[in-house]
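Below is one structure, written out as structure tokens; the observations come after it.
The values are calculated or read from the model by the stated rules, or taken from the named source; none is laboratory data. Quantities reported herein were computed from a predicted structural model and do not represent experimental measurements. Glycine also receives a Cβ, built like all others from the backbone with ideal geometry; neighbour counts cover every protein chain displayed.
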Amino acid sequence: METLSSFMSGFELSLNKTFAKKNPLRLPKNIRLNLVALMPYLIAVSIIPNILGLLITLEIYNNSIISFIAGIGGFVTFYSPSAFATIGQSTFVMLTINVVWILLMGLAIPRLLARQHEGWYYVFCASLVVIAESLIYMQIVRLIFNAIFIWYILFQIRQHYNHKAA
């Protein structure tokens, strides 16, 4: 476990160096602060269609309006793992990835509101889940988009989350 922890710490620091410290395209401070303020709410909104999609996939709840919202939600949410899912994918793998993503993002919300680094780290781990899904399903364009765009945003705002427990 120590090896995984040290690997993740090193990986996070190298990405921080690439996307924040050495990046000449830094976001202005007011934009970064607005993103920090909006992040928990964007995540909360993006979880809803994913939960609905999960319930529909498990056939727990089925309603045509809810199906429509869940289907549209995959395209407008904050980089949800079920977005752009294609027919023929393994349902079990997709459901597992979706549940992990929902849990990570749900755990992140209260910590992001408190501006704790742990909340930011949960979102970072959720981005790794999405990237792993893109690798599993060979969605290269999505992989590149998530790796560049999402990490760019995450590492631009990373400094605004404190590392001390509140």
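I want to confirm something. Restricting to region 86-98 and keeping residues that are among the β-branched types (Val, Ile, Thr) and within 15 Å of Ile131 (Cα to Cα), which single residue is modelled with the lowest pLDDT? Only one residue fits best here, namely Val93. For residues that are surrounded by fewer than 20 Cβ atoms within 10 Å (Cβ to Cβ) and of a type in the set (Val, Ile, Thr), tally how many sit in region 109-128. So the answer is 1. Taking into account only those residues within region 122-148 that are in contact (Cβ under 8 Å) with a residue 60 or more places away in the chain and not aliphatic (A, V, I, L, M), which is nearest to Val99 (Cα to Cα)? Among those that are in contact (Cβ under 8 Å) with a residue 60 or more places away in the chain and not aliphatic (A, V, I, L, M), it is Phe124.
Residues that are crowded, with 18+ Cβ neighbours inside 10 Å and part of a helix (DSSP H, G or I) within region 153-166 comprise Ile153, Leu154, Phe155, Gln156, Ile157, Arg158, listed in sequence order.
When region 22-36 is limited to residues that are assigned to a helix (DSSP H, G or I) and loosely packed, with under 15 Cβ neighbours inside 10 Å, the one that is modelled with the lowest pLDDT turns out to be Lys29. Scanning region 99-108 for residues that are crowded, with 18+ Cβ neighbours inside 10 Å and either of a type in the set (Phe, Trp, Tyr) or more than 11 Å from the chain's Cα centre (by Cα) (or both) returns a single hit, Trp101.
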